[in-house]
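Following: one structure in structure tokens, then a few remarks.
The values are calculated or read from the model by the stated rules, or taken from the named source; none is laboratory data. Being a predicted model, the structure only gives us computed values, none of them experimental. FYI the Cβ positions are ideal-geometry reconstructions off the backbone, even for glycines, and counts take in every protein chain you see.
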Amino acid sequence: MTNVLSSVSLLLTLFIFIFLFFYWFANRLVRTVIGRKHEALERIHLTGDVPTGWTERYRRRLQELELQGAEPARCEKVKRKAERAVKMKLRRLEKYTRRSGLIRDEDIREVLLEDLEALRNGWMELPMPPERHLQP
């Protein structure tokens, strides 16, 4: 009888630990995802520009192509890809802003939506960092 009881208690303890781990993990994941969205909204509102992380990979690719002396058509293709990616993220952020219950003040929601729309309509080109002259 004691073996059965200890086995059940061990199994119950294991289930509790597994539950607590998944609860912690899900909580952390949700905080990270929502936190990134709110950080992006704050950056867009304060600076009028998209977060640098959204365009960094495209900037690096353009710099690589520039150093390789690639034809302008390839550079334009990367710029178009960046524009599509940024506009898609802006649309998703706009959808989140419209539906989120975490933005309770309707005036703030309207200001954020106006910022997002203005940025989406005005964002035409991937801003490039200043040219660096690299020596071979």
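Name the residue that is nearest to the chain's Cα centre (by Cα), counting only residues in the range 22-68 that are of a type in the set (Phe, Trp, Tyr) and surrounded by 12 or more Cβ atoms within 10 Å (Cβ to Cβ).
Trp54
Between Lys87, Lys79, which is touching a Leu at 6+ places or on another chain (Cβ under 6 Å) and not hydroxyl-bearing (Ser, Thr, Tyr)?
That would be Lys79, the only listed residue that is touching a Leu at 6+ places or on another chain (Cβ under 6 Å) and not hydroxyl-bearing (Ser, Thr, Tyr).
Can you find a residue in the range 100-112 that is over 23 Å from Leu41 (Cα atoms) and modelled with pLDDT under 90? Break it down stepwise before answering.
Residues of the range 100-112 over 23 Å from Leu41 (Cα atoms): none.
Looking for residues that are over 23 Å from Leu41 (Cα atoms) and modelled with pLDDT under 90, one finds none in the range 100-112, hence no.
Can you find even one residue in the range 21-30 that is out of contact with any helix residue (DSSP H, G or I) (no Cβ under 6 Å at 6 or more places or on another chain) and touching a residue at least 12 places away in the same chain (Cβ under 8 Å)?
no
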